[in-house]
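Asks: Structure provided below as structure tokens; questions to follow.
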């Protein structure tokens, strides 16, 4: 987890530098597979969202969440991808952060055409 936090901090520093004169809107779309327990995924969502909000508080970057999507606030069902895409488009989201709260979900990421317009950076635990 420490490696992920270090990478996130480095990414944020670069984003702040590049977009310092522009209002940036970040879409937050955490994911979970149905086959895995929801409790750890929700706990990870809360922990990750707390860190993201702390980082954003210093930058003025606006956060657009998917907490309205379901009780967990997680992108689980591939059928919900279009709803999330529409929500992000209406909010004029500039970038999307899709943390995997308990499993890599490339299928969800790939089905979100909105995301494919942006570079994707995958973060792995322990990555340098």
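Asks: All but one of (1) surrounded by fewer than 11 Cβ atoms within 10 Å (Cβ to Cβ); (2) at pLDDT below 85 hold for residue 57, so report the exception by its number.
Replies: (2)
Asks: Also, quick follow-up: So which residues in region 60-80 are surrounded by 16 or more Cβ atoms within 10 Å (Cβ to Cβ), at pLDDT below 90 and closer than 22 Å to residue 94 by Cα, if there are any at all?
Replies: 61, 75, 80
Asks: Which residue, of 84, 115, is touching a strand residue (DSSP E or B) at 6+ places or on another chain (Cβ under 9 Å), modelled with pLDDT of 85 or more, within 24 Å of residue 15 (Cα to Cα) and surrounded by 12 or more Cβ atoms within 10 Å (Cβ to Cβ)? Explain how you work it out, then say what you get.
Replies: Details: 115 fails: modelled with pLDDT of 85 or more.
Checking each option against the conditions leaves just 84.
Asks: Does region 13-49 hold any residues that are crowded, with 17+ Cβ neighbours inside 10 Å, within 17 Å of residue 62 (Cβ to Cβ) and either free of Cβ contacts under 8 Å to residues at least 12 places away in the same chain or in contact with a helix residue (DSSP H, G or I) (Cβ under 6 Å, 6 or more places away or on another chain) (or both), and which are they?
Replies: Listed by number, the residues that qualify are 27, 29.
The values are calculated or read from the model by the stated rules, or taken from the named source; none is laboratory data. The structure displayed is predicted, hence computed values, not measured ones. All Cβ positions, glycine included, derive from the backbone under ideal geometry; neighbour counts span all protein chains shown.
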